[in-house]
Structures are given as structure tokens and as C-alpha cells.
Amino acid sequence: MYDPLVDDFPGPAQPHVRSYWQAQHGAQLAQLPPTQAALPEHADIIVIGAGYTGLNAALELAERYQQHVVLVEANKLGWGCSTRNAGFAMPGTGRLGYGDWEKRVGSDVTRAIKVEYERAFERLERHVAACPVGLQAQRGGYLKIAHNPQAIDGLRSSYEILKRYEPATKWLDAPGIQARVHSPQAHAAIHYPQSFGLNPLLLLASVARQAANAGVTIIEDAPVKKWDQVEQLQRLHTAKGRICAPKVIIATNGYTPNHLHPSIHGRSLPVLSSVIVTRPLSADEKIAIGLHSTELVMDTRTLKYYYRLLPDGRLLFGGRGAIRGKDAHHPRYARHLLEALQGTFPALKELSREPVDYYWSGWVNVALDNYPRIYSPAEGIYTSMGYCGAGVTFTQLAGQRLAELAMGEALPALPFYQSALPKFPLPHLRRLGQWGFYQLARWRSL
Ligand SMILES: Cc1cc2nc3c(=O)[nH]c(=O)nc-3n(C[C@H](O)[C@H](O)[C@H](O)COP(=O)(O)OP(=O)(O)OC[C@H]3O[C@@H](n4cnc5c(N)ncnc54)[C@H](O)[C@@H]3O)c2cc1C
């Protein structure tokens, strides 16, 4: 599997991962307005990467600012995380809760961050409305579950702060959560009513269709291999030829090759997140686990597990994967997720005797200080990355903000927009640091 810290660039022409979403709806991507084969020589703005961030930026630039936008994607549309994720539409991004933000920036700015998260949901709703089947949204909220008794106090404290910002959230004690999720690893929970489950591939298709209709030129199988500057112009060398523009947006997130551009080198850590999808559960199995198909679940572990019932009754279960791309498909990682699923729902013991129907992984982008940045790392270059695995909702707005930044508009005075992504100390040792962190987190979560 492509590894951003090892390979020079992804693609071209690598097939989509064999995910549940591809198996169900891959044809939707093929039915989009045709992408173009020939790369233009010039553009007003080039966008690199056709995931949610790049497509939203391109859509905004074409629709609101009438820019000639050329979007270059290494493989096919949505080849990265944007068609591989679990489809949890959640409030927020990164790994910081409202308590963390309060400590860092005070309650006024934290309130403004909450308003920004609302805007991200509003933009997501635009894409829901533009999809004929409403992205197959399963609306009922998200449960953050204390996975052991020791985790209850920490979760409760975070709820006491959270409810000042999100008054609609609810606390569920042990009987309350056991009524909804029959698991020995469910001891208390917070319910966030606004969150919902969606089909990530249909979301990608919805944004891509709008971008193409707004006039964005989309070129697939065109990885950027080399980048130089000719006077005021950025010149990109792709697998389909060269293109120049005064401005470039980097929307490659967890798939960013280590040496794509010196201004962003060493400022993020690509981390593999993996998912299994089981066969459809029987009626008895569904009753035994209690989980409702409209509720999303994530636990309180440092290396979290998350799960949801899909519209056809399959269980999607995800968590962290391998460290290196070359290990991503090793069966032990799917087995590890299946064992974690068994620990969560012992009633599903039959599943451990069967191969899982789907297993896949994708690269999420972790920032050193746990939240993304939308900024200009060098003149004429703009980027948004570092969502730390929470980008389904926020990337919709991040793309818009990125477009505004590239067009010289002032962004809201929020931490996401005011500084560069911090550089990792000793970037060449990032993987070693990750390995140490995983050992510690596993030991703590036992
Ligand atoms: C298994 C998994 C589960 C997840 N679940 C959730 C979830 O439930 N909720 C949530 O909020 N988030 C989730 N995420 C994270 C979420 O999917 C991402 O934050 C989001 O999709 C990022 O979108 P993006 O457009 O920034 O990047 P991506 O969708 O990753 O797109 C980057 C694109 O850049 C392209 N690219 C890279 N290098 C080059 C180059 N040199 N030239 C041209 N193109 C290039 C890649 O091919 C890729 O298509 C999950 C991620 C994974 C992997």
C-alpha cells in the first residue's frame, strides 16, 4: 500500500480500495460528469487532491469567485480517505474537546469555535440536500462511551464543560447506556444528538458533481511528481504533463508525500486507520447487542474503537491499523479489530468463526498539537490538513475557508486560521515516536 513517508507520490491509476462503500456505490463515481483527459497548461489556481477538502475548495473558487480551477488527483476521484472513512458526521475536528480549548484560548474563543463547527454542519447539509438519496443519512446522534469504570469520571468532567457549549447533549449513566448498547464495555456515555451516519462515497460524489457543474476542470491519474517555481508562477510536473498557476492549494492531507513541498515537510504524521465490515447481522444478533442503526458509537480509549450498524444491518467496526503502509494488509490487523469487536459484543461470537466481508485502511493526518490548520505555508501556496481522523464534517467548511484564504479574504479569528502546522521535532523519527505512543496507549487502555 502507498506510504506517504516512503513513496515519492501515489498513483497514477491505482484502483480504489475494496471497501464496503465501493462495493455498494462505486458505480456512482463512474456516473459523475466526465473528468478531463488532457491537462491544461495554465490555470488561475491549481488544487492538488480530490477529496472533500480539495473538492470543496475547488467548488467555492469556481462558484463564488469564478476562478479557472484545475484540480489534479493522483488516482481516481476520492481515492484517499474521503471514500474510505466510517461516515461519522461529528461536531468538531482534531482531538481537542471544549475543555481543552477553554484552557488554551478561553471561553469566548471556544464559543466562536462552536459556531464554526455549526457552519461546517450547515455546509454538510448542503451536500446532503444535493444527493438524490440524502447520503443515506442515519440520524440519531453519537454516543461517546466510557469503555471501563475508570473512564467514567473523566468522561463526566468533560460533559460538565461540554453542556455549556452543547446544551442538547445528554449524560447517560450505566443503566441508560446499557438500555441502548448491550456491551460489557459500556459504563456511561454522552449522547450528541446532532451527529449522524452517512455514506462517505455518496458525499464525495455529491461534492464532485457540484464542483464539475460549477466548471472545475478535474484531471484524474495525474500525481504531482515534481514542483518548481518560475518567477511568480508555481509549476507542477504531473504524470499527465506540466501546469502553471500563480496559486496552488495543497489538499492532500494524510496522503501528502513527504517531500511534496519543503514548506510543509515534517509538519504532520500520516497514521493508518482501519475498518472491518461484517456480514448483515441476524435479527437475534441485533437484539442481543441492542445497538440502534441510527446511533454512532466511539469509546474513550486513547486509541479509540468506533462502530455503527449500516443500513443493511452489517456492523462497521474501526480503530487504528498498522504503522507502515507495507504492513497495512496483514491479516493480523483485521483479526485484531475482530477481537476488539468480540470484546465489545461477546454475543456476536459466531462472527469470530467467519472471515469478515470487508477490511480496508486509509491514511489520516495527525497534527503535533492535535488540531488542523488552514494557512499559507509560502507565497502563493495554501493548505488545510491535520484533522486527526475527524474530517467528514469539518473538511466541507475547511475547503471553503481555504478558497477564501487563497482569494485574499480575512478568515475568522480562530486558532485553525492563525498559525502554521507545528513541525515535528526530529521528523525522520516520527514513526518511532508513533510506535512508542501505541505501546503506551495499549497498556493504559487495558
Ligand atoms: C478508515 C477511516 C475512517 C474514518 N472515519 C471517519 C469518520 O467516521 N468521521 C470523520 O470525521 N473522519 C473520518 N476519517 C477521516 C476523514 O476521512 C478525513 O479527515 C477526510 O476524508 C480528509 O479529506 P481530505 O480531502 O482532506 O483528504 P483525502 O480524502 O485523503 O484526499 C487526499 C487526496 O490527495 C491525493 N494526493 C496525494 N498526493 C498527491 C499528489 N502528489 N498529486 C495528486 N494528488 C495527490 C490522494 O490521492 C487523495 O485522493 C476516517 C479516515 C479513515 C482512513
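Remark: spin-label model distance Lys114-Asp357 equals 4.0 nm, labels positioned 7 Å along the Cα→Cβ axis. For Phe437 and Glu122, a Förster radius of 30 Å and the Cβ-Cβ distance give a FRET efficiency of 0.30, rounded to the nearest 0.05. Summed over qualifying helices (DSSP H, 4 residues or more, each -39500 (n - 2.57)) and divided by its residue number, the chain shows a 222 nm mean residue ellipticity of -10000 deg cm²/dmol.
To the nearest Å, what is the center-to-center distance of the range 7-75 and the range 225-292, using C-alpha atoms only? Distance between centres, Cα-based: 11 Å. Local charge for Ala340 was computed over the other residues whose Cβ lies under 12 Å away, with Lys and Arg +1 and Asp and Glu -1, and equals +3.
Using a 1.4 Å probe on the protein chains only, how many percent of the accessible area of the chain belongs to carbon and sulfur? Walk me through the numbers on the way to the answer.
Details: 9510 of 17600 Å².
Within the chain, the accessible surface is 54 percent carbon and sulfur.
Working from label points 7 Å from Cα in the Cα-to-Cβ sense, the Arg335 to Gln14 distance is 2.5 nm.
Contact order, relative form, for the range 168-294: 21 percent (alpha carbon pairs under 8 Å, 6 or more residues apart, mean separation divided by residue count). Against the main long axis of the alpha-carbon atoms of the chain, helix 98-129 sits at an angle near 80°.
Taking the C-alpha atoms only, the angle from helix 430-445 to the longest principal axis of the chain is near 20 degrees. For the range 359-435, the relative contact order comes to 34 percent (Cα pairs under 8 Å, sequence separation of at least 6). Net charge in the neighbourhood of His16 (other residues with Cβ under 11 Å of its Cβ; Lys, Arg +1, Asp, Glu -1) is +3. Taking each of Lys103/Lys163; Lys163/Lys286; Lys226/Lys247; Lys326/Lys423; Lys114/Lys247; Lys247/Lys423 in turn, the alpha-carbon distance tops 21 angstrom for Lys163/Lys286; Lys326/Lys423; Lys114/Lys247; Lys247/Lys423.
Between Val6 and Asp369, the contour length at 0.36 nm per residue exceeds the Cα-Cα span by 128.3 nm. On a 0 to 90 degree scale, rounded to 10, what angle separates helix 394-406 from the longest Cα axis of the chain? Tilt relative to the chain: about 20 degrees. Taking only C-alpha pairs under 8 Å that are 6+ residues apart, what is the relative contact order of the chain in percent? Averaging sequence separation for qualifying contacts and normalising by length gives 25 percent for the chain.
Within the set of other residues whose C-beta is less than 14 Å from the C-beta of Leu5, count the net charge using Lys and Arg as +1 and Asp and Glu as -1.
Numbers: positive: Arg267, Arg324, Lys326, Arg430, Arg431; negative: Asp3, Asp7, Asp8, Asp327.
Overall, the nearby charge balance is +1.
Taking a ≥ b ≥ c as the square roots of the eigenvalues of the alpha carbon gyration tensor, the range 82-155 is oblate, as a/c is not under 1.5 and a/b does not beat b/c.
The values are calculated or read from the model by the stated rules, or taken from the named source; none is laboratory data. Keep in mind the model is a prediction, meaning the values are calculated, not measured. Cβ sites come from the backbone with ideal geometry, for glycine too, and all protein chains shown count toward neighbours. Keep in mind that these areas ignore ligands, DNA and RNA; they rest on the heavy atoms of the full protein, side chains included. Shrake-Rupley method; radii C 1.70, N 1.55, O 1.52, S 1.80 Å.
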